[in-house]
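This report refers to the structure that appears directly beneath it.
What follows draws every value from the coordinates through simple rules; no lab data is involved. Since this is a predicted model, take the numbers as computed values, not measurements. Cβ sites come from the backbone with ideal geometry, for glycine too, and all protein chains shown count toward neighbours.
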Amino acid sequence: MNKIEVNNLLDFYAPLLTERQRTICDYYFREDYSLQEIAEMEGISRAAVHDTVKRCQAELESYEEKLHCYSGYKKRMRLYERMKQQANEEISRLLDQCIETEIE
């Protein structure tokens, strides 16, 4: 799984991680810090950062396998776009509102 996919899973499941896990994942996946840089900032070993990143990635994947929040979101967004292509102006505005609620 690449960093973009993990970032997308973080958007849905980050609240299920501990605060420390979220911090390390944000640094690694969103801020693109190296394992060594994170270790120095957090005052822990590089190996501890590596283990945390791998454990979090596995947890995020497990949450998605069980809950399907991200895959459901992707499906709904594709359907909204297909509907917008066929919709009149009023329906298109309503679909835009649906899309906005998905993003919030």
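Tell me, in nm to one decimal, what length is gained between residue 76 and residue 48 on full extension, where the rule is 0.36 nm per residue of separation less the Cα-Cα distance? Intermediate results must be reported in sequence, preceding the final value.
Details: separation 28, 0.36 × 28 = 10.08 nm, distance 3.76 nm.
That works out to 6.3 nm of additional length.
A cut-off under 14 angstrom between Cβ atoms defines the neighbours of residue 29, and their net charge, with Lys, Arg +1 and Asp, Glu -1, is -3. Can you give the angle from 0 to 90° between the axis of helix 69-86 and the longest principal axis of the chain, with both taken from C-alpha atoms, to the nearest 10? With rounding to tens, the tilt is 30 degrees.
Packing, taken as the mean count of other beta carbons within 10 Å per residue, orders the peptides 80-93, 21-34, 43-56, 61-74 from highest to lowest as 21-34, 43-56, 61-74, 80-93. Per-residue ellipticity at 222 nm, computed for the chain from helices alone with -39500 (n - 2.57) per DSSP H run of at least four residues, works out to -25000 deg cm²/dmol.
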